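One structure is given here, and the rest of the page talks about it.
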Amino acid sequence: MKPNPAGSSPEACRAAGQAPQQKTQATPMQAPRQKVLVTGGGGYLGFSLGSSLAKSGTSVILLDLRRPQWKLSPGTEFIQADVRDEEALYRAFEGVDCVFHVASYGMSGVEKLQKEQIESINVGGTKLVINVCVRRRVPRLIYTSTVNVVFGGKPIEQGDEDSVPYFPLEKHMDHYSRTKAIADQLTLMANGTPLPGGGTLRTCVLRPPGIYGPEEQRHLPRVASHIKKRLFMFRFGDRGTQMNWVHVHNLVQAHVLAAEALTVAKGYVASGQAYYINDGESVNLFEWMAPLFEKLGYSQPWIQVPTSWVYLTAAVMEYVHLALRPICSVQPLLTRSEVRSVAVTHTFQIAKARAQLGYAPDKFRFADVVEEYVRSTSRRSRGSTARTLLRLLLGLLLLLGLLALALHLVGLQPSNV
Ligand SMILES: NC(=O)c1ccc[n+]([C@@H]2O[C@H](COP(=O)([O-])OP(=O)(O)OC[C@H]3O[C@@H](n4cnc5c(N)ncnc54)[C@H](O)[C@@H]3O)[C@@H](O)[C@H]2O)c1
């Protein structure tokens, strides 16, 4: 597509993925602030991405079902909405230049087994996001996918975007991965959709492995709580099994670069492309997690058990969860797909992201993240111990007060007793 001639309408420029030129006389060359929308902007990655973009002067809408637990940065606005609500999306997408579709459901824990919810959010929500991008003439859409769209339990060593095909949909062990794979394909298929009134929708997908970083809520606290309950005395899988991780800061960087790479300035290089994004290192999970055991003061898992046993136990836990669901919620310690993720090597190259997006991951140490986590939880638990003592003291005073009142009412002054 050719760049728009000077003087094009802001809408036409937006549709072409360019920053429109202002018509005002005072600052004719100054581009207005970019406006982006992040679905799942209340979650860990979405919020980090939105905050980082806002810091660089972009106007950001964080759209999510739940409010972020962190304070909003200046330049961000929160809209509480469901990605399955087309009209709410239509209202929120007004004047938006670029959408980051980060919202998803069913990644880990008990969510993983809520099939209908996963399907309606991950697939239904993505269809609506694409539709509304077209209706609102949003020219750029970046989808946060996952390596699970190609990994289904068969080893992958240093996979790249061309040589590893999607894992067959019907063979996926879990609904999350299957629905993420459908959404990943829907997003790429939408690339090149003409926008009403001119312009084209350009899309790309980023496929990260597990995300870690400061204040991460999904993996680290869950693993830490299992360690504290001494449920992680066992290790399984081969010591040579490897996987990748990505620090949230690096993943944010990749999203920002991907959005730029869907503009004319970057020759629309990311248009219709998928990218694996990770820290550029492959690690064994148990070795990588060693600082967590160490900092929490527990010994490393030392009992090696066959993976087949762990897999069987995970299957039983999943069935027990499903059977008891109408009565109570029994959270499986691990699901079968999580066992596979730990026990089967799946590593990916980031050469394409480096070459096309200019992605250059910074170096981070998991040990630093763990240190920060341990510090903040011990602060919180010290705070909660102090609160508990204060509550006990207040309760005691109230009890004494009530006792004194009761004695007074029956005419027995404490001094007379
Ligand atoms: N966390 C990981 O390790 C990991 C690994 C690979 C890929 N991913 C992908 O990265 C993305 C972000 O992950 P995260 O760790 O920040 O997850 P997160 O759970 O912190 O954030 C997801 C957000 O989506 C929101 N959401 C769910 N359903 C919604 C709906 N119907 N409407 C609006 N919002 C809804 C949730 O409320 C949540 O805030 C997801 O797409 C996930 O699939 C994550």
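Hey, which aspartates and glutamates would be in cross-link range of Lys112, C-alpha to C-alpha under 15 Å, not counting anything within fewer than 8 residues on its own chain?
Asp174, Glu318, Glu338
I want the antiparallel fraction of DSSP beta bridges within segment 104-377, as a percent rounded to 5.
Around 15 percent antiparallel, to the nearest 5.
Computing the accessible area with a 1.4 Å probe over protein heavy atoms, can you report the carbon and sulfur percentage for segment 104-377?
In segment 104-377, the share of accessible area belonging to carbon and sulfur is 57 percent.
Would you mind putting 189-197, 324-332, 345-353, 270-278 in packing order, based on average other-beta-carbon counts within 10 Å, highest first?
270-278, 345-353, 189-197, 324-332
Enumerate by residue number the GluC sites (Glu not before Pro) in segment 94-162 meeting two conditions: DSSP loop (anything except H, G, I, E, B), and at most 11 other Cβ atoms within 10 Å of the site's Cβ.
Passing both the DSSP loop test and the Cβ count: Glu94.
With label points built 7 Å along Cα→Cβ from the Cα atoms of Ala351 and Lys115, find their separation and express it in nm.
Result: 4.1 nm between the two label points.
Sort Tyr311, Tyr373 from largest to smallest accessible area, using a 1.4 Å probe on the heavy atoms of the protein chains.
Per-residue accessible area, sorted high to low, gives Tyr311, Tyr373.
If r is the Cβ-Cβ distance from Glu170 to Ser378 and R0 is 45 Å, what FRET efficiency results, to the nearest 0.05?
0.45
Which one, Phe366, Thr347, Gly272, projects farthest toward the positive side of the charge dipole computed for segment 104-377 from Cβ point charges (K/R +1, D/E -1)?
Gly272
With a/c under 1.5 counting as rounded, go ahead and sort segment 120-188 into rounded, prolate or oblate using the C-alpha gyration tensor (a ≥ b ≥ c being the square roots of the eigenvalues; past the cut-off, prolate if a/b is larger than b/c, else oblate).
oblate
Got a sec? Which residues in segment 172-200 would a label at Tyr311 touch, if it sits 7 Å along Cα→Cβ and we count backbone N under 18 Å?
Zone members listed by number: 172-175.
Determine, from the Cβ-Cβ distance of Tyr319 and Lys154 and an R0 of 35 Å, the FRET efficiency 1/(1 + (r/R0)^6), rounded to the nearest 0.05.
The calculated FRET efficiency here is 0.90.
With every protein chain left in place, what is the accessible area per residue of segment 104-377 in square angstrom, probe 1.4 Å?
On a per-residue basis, segment 104-377 sits at 43 Å².
Could you rank Asp279, Asp160 by how accessible they are, 1.4 Å probe, largest area first?
In descending accessible area the options line up as Asp160, Asp279.
Express the relative contact order of segment 104-377 as a whole percentage, based on alpha carbon pairs under 8 Å and six or more residues apart in sequence.
RCO, segment 104-377: 25 percent.
Any lysines with Cα under 17 Å of the Lys352 Cα? List them, leaving off those in the same chain fewer than 8 positions away.
Lys266
Write out the chymotrypsin sites (Phe, Trp or Tyr not before Pro) in segment 104-199 meeting two conditions: DSSP loop, and at most 14 other Cβ atoms within 10 Å of their Cβ.
Tyr166
Leaving ligands, DNA and RNA out of it, rank Lys295, Lys112 by accessible area with a 1.4 Å probe, largest first.
Result, largest first: Lys295, Lys112.
Can you pull the accessible area of Glu287 for me, 1.4 Å probe, Å² to the nearest 10?
Looks like 110 Å² after rounding.
Find the percent of Cα-Cα distances in segment 104-377 that exceed 36 Å, and round it to a whole number.
Result for the distance tail: 17 percent.
The values are calculated or read from the model by the stated rules, or taken from the named source; none is laboratory data. Small disclaimer: the values here were computed from a predicted structure and weren't measured. In this analysis, Cβ positions are derived from the backbone assuming ideal geometry, glycine residues included, and neighbour counts consider all displayed protein chains. Surface areas here come from the heavy atoms of the whole protein model, side chains and all, with no ligands, DNA or RNA. Shrake-Rupley method; radii C 1.70, N 1.55, O 1.52, S 1.80 Å.
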